[in-house]
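**Student:** Starting off with a structure, shown below.
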Amino acid sequence: MSAVFDIIASAGLWAAVLRIATPLILGTLGALLCERAGVLNLGIEGIMTFGAMIGWLAVYNGADLWTGFLVAALAGGLFGLLHAGLTVTLGLSQHVSGLGVTLFASSFSYYVFRLLVPVAGTPPTITPFQPIHIPGLSDLPFLGQAVFSQTPPTYAAILIALALAYLVFRTPLGLAIRMTGENPHAAEAQGINPMVVRYGAVIAGSALMGMAGAFLTLSAFNSFFPTMVQGRGWICIALVVFASWRPQRALLGALLFAFFDGFQLRLQTVLGGVVPYQLFLMIPYVLSIAALAVMARRARVPQALMQPYRRGER
Amino acid sequence: MSTPVLQIENVSKRFGQTLANDNISLSLDKGEIVALLGENGAGKTTLMSILFGHYVPDSGRVMVDGQELPAGRPRAAIRAGIGMVHQHFALAPNLTVLENVTTGTESLWSPRSRRREARAKLLAISERFGLKVDPDARLGDLSVGEQQRVEILKALYNEARILVLDEPTAVLTQIEAERLFATLKDMAAQGLSLIFISHKLDEVMSTADRIVVLRGGRHVAERRASETSKPELAELMVGRAVSRPVREPSDPGDVVLEAAAVTVRIGGVDRLKAVDFRLRAGEVLGIIGVSGNGQAALAQLLSGTAAMASGDLLLFGQPVDALSVKDAVTAGIGRIPEDRNKDGAIGEMAIWENAILERLSSFSRHGLVDRQAGMAFAQTIIDTFDVRGGSPASRIRLLSGGNMQKLILGRNLIDRPRILIAAQPARGLDEGAVAAVHERILDARRQGTAVLLISEDLDEVMALADRIQAIVGGRLSPPIPAQEASTRRLGLMMAGEWEGETAHAV
């Protein structure tokens, strides 16, 4: 028991939690924005992979780290445009289109990577973001190491979550997005073009997904390999439900999952000899399913989610 | 004479083969209420969709205060002061009343929603027109009547001076409808101009100043309400004289269905409380009441989808403990559900599939569905019951409400059921279809079917039923014979005023 307590009391755990949470925060916000407008975006897994690859590639070719993020966001936006074209304009099944985007973007990432980066024994690396030192805060005992020793994108992700919460619930644009996800016919009747809103939300949401991927190669690690997203996209889709489509809860959900993940990693080192490590790997997923089961029962799903909108048809 | 607030000039619109609007003109003055009367498919909704910019007309134009409105631009229509109250509300159940009303009313690039101002404005409007709502209530928690109020407030919030209501009473109870029309008259008195679409003669006569009749996409007549009559309007609307059939005297047979102190509990609430009734072969027993008073539980009990908590139910003299759907079908109980789209038919399936669903076993051979026989059966129903607008293979969703109802009726009546449970059989149907449905029900009665007619339409019950019981709060009044029924007496019964009369008479 004291081992468990030691883990929780260590500043290292909390620093890791924030790091693990960052791509989940960005990805969940992206998926959430799409779904608020009524479009499920299962392209997330592939878009994150592509964002990880293209952001890294830009930096590898001499761009600075923030430009790498920007490139990843733009690439994500392009895949969003593709998904929106298929689901909004053509009204195709959002599941099928999203899975298609994931398969395409994942394979395409690997192809581009192989094409442009010479095969080598050890994967080439870049210099990733370094933790920034915030005068005063970073020197605080415990908190300084636990919370204020992150790389800039982590702080950015948290700020984006708060900004998105404000956008969705406090601005006319956010209301228009929510109305489009609830009842596009009602939005249209109030002079809002639901098609435009959906395109915008899917493109912006996909850009966030691209940035979520780029965090992996530009901050968490320093190189790219094709399987590195490892289902994080799917976790984000579940976190959206867990968060009841609220950005501030998405932030909490991502932190919670990251806590389980960071915790099990450390638990492995303590109890690894006694229990097979695979068991620990399951912990975050099992706990997430349990949390989802509790939270999602009360969630109010956007009523028009997954329903294509066609003008003049009810 | 001053310029009319609204002029629609020579508007035509074609959809494929059908000319939905054929050179229609219409004008509306300040403070006036105009009714747009016509059967389903007469082109009323198309015309209003053109007015509101949902459709672009093939020719013709819309003028507001003498200014031409750009075609196909809902925003321009809103800005010109046109507000639309849709039949299927354009509202989001998960958002609050205030959010529903204010969506799209501010610049989308404004950095902050001005909620306090919006709330004050909404409350001021609701005060002025007597449309009470709680701005922070979740829309989905409101009753249908309240939701309609929100829909009207939404238009008024957008500074609408011309209000268009598409079949506003289709979803309302009688009391809610009366309240709505009082509000509309008040709004006209305050200088708003209103158009309402309807196919109900009563409400058109009582509310409108002027009535414009559309038929087959054409403007066929225009009358001042004070200078016309219901029969004249009915004839103009349908194109020929129509009259609802009236029941002739008959000799009821044996009691086929009897309930004694039956209680039905659904979701922990007693929806039927110790009700008594007896239904005889060859008679129509009318159950009158404002909807939501236990009618659904009654229909479900007799269709086999709800169980009895206590009491006795006798079917053909035999006690039944628990009636299952299968029992009901085997016993020859035909059912016309209240919500035909939800419970009566599966919209995406073909007409023939819908026709044979409850008798699937008689249409299967070696475990396979006998398509040919099913199609033939559907064709027989279509021919016998005059179902128009579809073949056995077309999806049932494509039928109009009246024709879908005729198909459901036909599916039940073709086997001469011994009992027919008809819940709101004519709801939402136009005048011609109502007459057809009523004729079929009386036919069945003539042939010895016992009909339980559940309805909230006084005219319907008085025309069809031999005996009438009122349903209020899950309790049934004692029956009264039809010849003793008057609108007043039934109204009192629907309000629960039957105590003191001799209980269990007749």
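**Student:** Which of rounded, prolate, oblate describes the stretch B:121-172, given a ≥ b ≥ c as roots of the alpha-carbon gyration tensor eigenvalues and a/c under 1.5 marking rounded, otherwise prolate only if a/b is larger than b/c? Kindly include the intermediate steps, with their values, before the conclusion.
**Tutor:** Values: a/c = 1.98, a/b = 1.04, b/c = 1.90.
Cα axes put the stretch B:121-172 in the oblate bin.
**Student:** Still on this structure: Quick one: order A:Y166, A:Y277, A:Y155 from most to least accessible surface, probe 1.4 Å. Mind dumping the intermediate values first?
**Tutor:** On the way: A:Y166 100, A:Y277 120, A:Y155 50 Å².
Most to least solvent-accessible, the answer reads A:Y277, A:Y166, A:Y155.
**Student:** Could you give the Stokes-Einstein D for the stretch B:342-416 in µm² per second, using the C-alpha Kirkwood radius, 37 °C, 0.692 mPa s? Write out the running numbers ahead of the final one.
**Tutor:** On the way: Rh = 12.1 Å.
Diffusion coefficient, whole number: 271 µm²/s.
**Student:** Among DSSP beta bridges lying fully in the protein assembly as shown, give the percent that are antiparallel, nearest 5. All intermediate terms of the calculation are to be shown ahead of the outcome.
**Tutor:** Values: 45 of 81 bridges.
Within the protein assembly as shown, antiparallel bridges account for around 55 percent of the total.
**Student:** Would you mind getting me the FRET efficiency between B:S364 and A:Q230? Use the beta-carbon distance for r and R0 = 45 Å, nearest 0.05.
**Tutor:** Numbers: r = 50 Å, r/R0 = 1.12.
Here the calculated transfer efficiency is 0.35.
**Student:** Follow-up question, since we're still on this one. Calculated FRET efficiency, B:T380 and B:K326, Cβ-Cβ r, R0 25 Å, to nearest 0.05? Each step should come with its number before you reach the end.
**Tutor:** Values: r = 24 Å, r/R0 = 0.95.
The formula returns an efficiency of 0.60 here.
**Student:** Which of the residues in the stretch A:161-175 lose at least 10 Å² of accessible area when you go from the chain alone to all protein chains together (probe 1.4 Å)?
**Tutor:** Flagged in the stretch A:161-175: A:Y166, A:F169, A:R170, A:T171, A:P172, A:L173, A:L175.
**Student:** Further question on the same structure: Out of residues 5 or more away from B:A35 or on other chains, whose amide H comes under 5 Å of its own, with H placed 1.01 Å from N in the peptide plane?
**Tutor:** B:F196, B:D209, B:R210, B:I211, B:V212
**Student:** Could you tell me what percent of the accessible area of the protein assembly as shown is made up of carbon and sulfur, with a 1.4 Å probe and every protein chain present? Let's see the in-between values first.
**Tutor:** On the way: 20300 of 35730 Å².
Carbon and sulfur: 57 percent of the exposed surface of the protein assembly as shown.
**Student:** Divide, for the stretch B:6-238, the radius of gyration over alpha carbons by 2.2 N^0.38 Å, where N is the residue count. Show your work: numbers first, answer last.
**Tutor:** On the way: Rg = 17.6 Å, N = 233, 2.2 N^0.38 = 17.5 Å.
For the stretch B:6-238, the normalised Cα radius of gyration is 1.01.
**Student:** Moving to a separate point now. Checking buried surface per residue: for the stretch B:93-119, which residues lose a minimum of 40 Å² accessible area in the protein assembly relative to the chain alone (1.4 Å probe)?
**Tutor:** Residues meeting the cut-off: B:N94, B:L95, B:E99, B:T103, B:L108, B:S113, B:R115.
**Student:** Filter the DSSP H helices in chain A by two things, a Kyte-Doolittle mean of at least 0.5 and an axial alpha-carbon span of 18 angstrom or more, and list the hits by number. Let's see the in-between values first.
**Tutor:** Details: long enough: A:11-36 (36 Å, 1.30); A:44-60 (23 Å, 1.42); A:65-84 (28 Å, 1.67); A:94-116 (32 Å, 0.85); A:152-170 (26 Å, 1.54); A:194-215 (31 Å, 1.30); A:247-271 (35 Å, 0.85); A:277-296 (29 Å, 1.90).
TM-like helix candidates: A:11-36, A:44-60, A:65-84, A:94-116, A:152-170, A:194-215, A:247-271, A:277-296.
**Student:** Still on this structure, please answer the following. Rounded, prolate or oblate: which fits the stretch A:67-214, taking a ≥ b ≥ c as square roots of the Cα gyration tensor eigenvalues, rounded meaning a/c under 1.5, else prolate when a/b beats b/c?
**Tutor:** Details: a/c = 3.47, a/b = 1.27, b/c = 2.74.
Oblate, because a/c is 1.5 or more while a/b does not exceed b/c.
**Student:** A further question on this structure: Which value in Å does the Kirkwood hydrodynamic radius of the stretch B:280-424 take, with 1/r averaged over all unlike C-alpha pairs and then inverted?
**Tutor:** Working: mean 1/r = 0.0613 Å⁻¹.
That comes to 16.3 Å for the stretch B:280-424.
**Student:** While we're looking at this one, here's another question. For the stretch B:219-224, take each phi angle, set θ = phi - 60°, evaluate the Karplus expression 6.51 cos²θ - 1.76 cosθ + 1.60, and give the result in whole Hz per residue in order, putting x for glycine and proline.
**Tutor:** Each residue of the stretch B:219-224 in turn: 6, 9, 6, 9, 9, 7 Hz.
**Student:** Please report the spacing between the Cα centers of the stretch B:82-127 and the stretch B:361-383 in Å, no decimals.
**Tutor:** The stretch B:82-127 and the stretch B:361-383 have Cα centres spaced 52 Å from each other.
**Student:** Follow-up. Taking H placed 1.01 Å from N in the peptide plane, check which residues at least 5 places from B:R14 or on another chain put their amide H under 5 Å from its amide H.
**Tutor:** B:A20, B:D58
**Student:** Along the charge dipole of the stretch A:1-157, pointing to its positive end and built from +1/-1 on Cβ of Lys, Arg, Asp and Glu, which listed residue (A:F104, A:G51, A:P124) has its Cα farthest out?
**Tutor:** The residue sitting most towards the positive pole is A:F104.
**Student:** Would you work out if the stretch A:160-314 is rounded, prolate or oblate? Take a ≥ b ≥ c from the square roots of the eigenvalues of the alpha-carbon gyration tensor; rounded if a/c is under 1.5, else prolate when a/b is larger than b/c, oblate otherwise.
**Tutor:** On the way: a/c = 2.70, a/b = 2.02, b/c = 1.34.
It is prolate, given that a/c is not under 1.5 and a/b is the larger ratio.
**Student:** Would you check the accessible area of A:M282, probe 1.4 Å, heavy atoms only, in square angstrom rounded to 10?
**Tutor:** A:M282 has an accessible surface of roughly 100 Å² with all protein chains in place.
**Student:** So, taking all protein chains as they sit and a 1.4 Å probe, how much accessible area belongs to B:D22, in Å² rounded to tens?
**Tutor:** We get 50 Å² for B:D22.
**Student:** Ranked by accessible surface with a 1.4 Å probe, highest first, in what order do B:K30, B:K13, B:K273 come? Mind showing how you got there, number by number?
**Tutor:** Values: B:K30 150, B:K13 30, B:K273 90 Å².
So the residues, ranked largest to smallest area, are B:K30, B:K273, B:K13.
**Student:** Could you give the length gained on full extension between B:Q17 and B:K121, defined as 0.36 nm per residue of separation minus the Cα-Cα distance, in nm? It would help to have the intermediate numbers written out before the result.
**Tutor:** On the way: separation 104, 0.36 × 104 = 37.44 nm, distance 4.64 nm.
Net length gain for the segment: 32.8 nm.
**Student:** Taking a 29 Å limit on the Cα-Cα distance, which of the listed pairs B:K200/B:K406; B:K200/B:K273; B:K154/B:K200; B:K121/B:K342; B:K200/B:K342; B:K154/B:K230 fall beyond it?
**Tutor:** Values: B:K200/B:K406 20 Å; B:K200/B:K273 34 Å; B:K154/B:K200 25 Å; B:K121/B:K342 38 Å; B:K200/B:K342 24 Å; B:K154/B:K230 33 Å.
Violating the 29 Å Cα-Cα cut-off are B:K200/B:K273; B:K121/B:K342; B:K154/B:K230.
**Student:** What spacing in nm lies between the two simple spin-label points modelled at B:A137 and A:V96, each 7 Å away from Cα in the Cβ direction?
**Tutor:** Placing both labels 7 Å beyond Cα along the Cβ direction yields 4.3 nm.
**Student:** How large is the accessible surface per residue of the protein assembly as shown, computed with a 1.4 Å probe and reported in Å² as a whole number? Don't skip to the answer; put the middle values down first.
**Tutor:** Working: 35730 Å² over 820 residues.
Solvent-accessible surface per residue comes out at 44 Å².
**Student:** While we're looking at this one, here's another question. Under unit Cβ charges (Lys, Arg +1; Asp, Glu -1), what dipole magnitude, rounded to 20 debye, does chain A have relative to its Cα centre?
**Tutor:** On the way: 16 positive and 9 negative charges, 145 e Å.
Dipole size: approximately 700 debye.
**Student:** Calculate the tail of P(r) for chain B: the fraction of all Cα-Cα distances greater than 45 Å, expressed in %.
**Tutor:** Counting pairs separated by more than 45 Å, the tail of P(r) holds 19 percent.
**Student:** Hydropathy first: keep DSSP H helices in chain B averaging at least 0.0 on Kyte-Doolittle, then drop any whose Cα extent along the axis falls short of 15 Å, and list what survives. Provide the component values of the computation, followed by the final result.
**Tutor:** Working: long enough: B:115-129 (21 Å, -0.63); B:144-157 (19 Å, -0.13); B:174-189 (23 Å, 0.06); B:371-384 (19 Å, 0.16); B:401-413 (18 Å, -0.18); B:431-446 (22 Å, -0.23).
Length and hydropathy pass: B:174-189, B:371-384.
**Student:** Taking θ = phi - 60°, what integer Hz values does the Karplus form 6.51 cos²θ - 1.76 cosθ + 1.60 yield along the stretch B:256-270, in sequence order, with x for Gly and Pro?
**Tutor:** 9, 9, 9, 10, 10, 6, 7, 10, 10, 10, 10, x, x, 10, 6
**Student:** Something else now. Can you list, largest first and rounded to whole Å, the semi-axes you get for the protein assembly as shown by taking the square root of 5 times each eigenvalue of its Cα gyration tensor?
**Tutor:** On the way: eigenvalues 685, 238, 134 Å².
Calculated on Cα positions only, the semi-axes equal 59, 35, 26 Å.
**Student:** Tell me the accessible surface of A:F259 in square angstrom (1.4 angstrom probe, heavy atoms of protein chains only), to the nearest ten.
**Tutor:** Accessible surface of A:F259 is approximately 40 Å².
**Student:** Work out the charge dipole of the protein assembly as shown with +1 on the Cβ of Lys and Arg and -1 on the Cβ of Asp and Glu about the Cα centre, then indicate which of B:S324, B:L108, A:L13 is farthest towards its positive end.
**Tutor:** It is A:L13.
**Student:** HN-Hα J couplings of the stretch B:91-106 from phi, Karplus 6.51/-1.76/1.60, θ = phi - 60°, integer Hz, Gly and Pro as x?
**Tutor:** Computed from phi, the couplings for the stretch B:91-106 are 9, 10, x, 7, 9, 7, 4, 4, 5, 4, 6, 8, 3, x, 8, 10 Hz.
**Student:** Follow-up question, since we're still on this one. Run the numbers on the stretch A:279-314: which residues show a drop of 50 Å² or more in accessible area, chain on its own versus all protein chains together, using a 1.4 Å probe over heavy atoms?
**Tutor:** Checking the loss per residue gives A:R300, A:R311, A:R314.
**Student:** Follow-up. Roughly how many debye, to the nearest 20, is the charge dipole of the stretch B:106-155 about its Cα centre, given +1 on each Lys and Arg Cβ, -1 on each Asp and Glu Cβ, and no other charges?
**Tutor:** Values: 11 positive and 8 negative charges, 50 e Å.
So the magnitude is around 240 debye.
**Student:** Considering the dipole of the protein assembly as shown built from charges on the beta carbon (Lys and Arg +1, Asp and Glu -1) around the Cα centre, which of A:T180, B:S226, A:V197 is farthest to its positive end?
**Tutor:** Farthest towards the positive end: A:V197.
**Student:** Please report the buried accessible area for the interface of A with B, total over both chains, probe 1.4 Å, in Å² to the nearest 100. Present the calculation step by step, with values, prior to reporting the outcome.
**Tutor:** On the way: alone 14710 and 23470 Å², together 35730 Å².
Approximately 2400 Å² gets buried when A meets B.
**Student:** Still on this structure, please answer the following. So in chain B, what percent of DSSP beta bridges are antiparallel if you round to the nearest 5? Mind showing how you got there, number by number?
**Tutor:** Values: 45 of 81 bridges.
If we restrict to bridges inside chain B, about 55 percent are antiparallel.
**Student:** Okay, moving on. I'd like the distance separating the alpha-carbon centroids of the stretch A:278-314 and the stretch A:1-40, in whole Å.
**Tutor:** If we compute the Cα centre of each part, the gap is 17 Å.
**Student:** Pop the C-beta distance of B:A261 and B:A495 into the FRET formula with R0 = 30 Å and round what comes out to the nearest 0.05. Please list the in-between numbers first.
**Tutor:** Details: r = 23 Å, r/R0 = 0.78.
In this case the efficiency is close to 0.80.
**Student:** Then there is this: Rounded to the nearest angstrom and ordered from largest down, what semi-axes does the equivalent ellipsoid of the stretch A:1-146 get from its C-alpha gyration tensor (root of 5λ)?
**Tutor:** On the way: eigenvalues 223, 101, 45 Å².
After diagonalising the Cα gyration tensor, the semi-axes are 33, 22, 15 Å.
**Student:** So how strong a dipole does chain B carry about its Cα centre when Lys and Arg Cβ are +1 and Asp and Glu Cβ are -1, to the nearest 20 debye?
**Tutor:** Values: 59 positive and 63 negative charges, 254 e Å.
Result for chain B is approximately 1220 debye, rounded to the nearest 20.
The values are calculated or read from the model by the stated rules, or taken from the named source; none is laboratory data. In this text the structure is predicted, and so the values were computed from the model without any measurement. Positions of Cβ are generated from backbone atoms using ideal geometry, with glycine treated the same way; all protein chains shown enter the neighbour counts. Heavy atoms of the whole protein, side chains included, go into the accessibility calculation; ligands, DNA and RNA do not. Shrake-Rupley method; radii C 1.70, N 1.55, O 1.52, S 1.80 Å.
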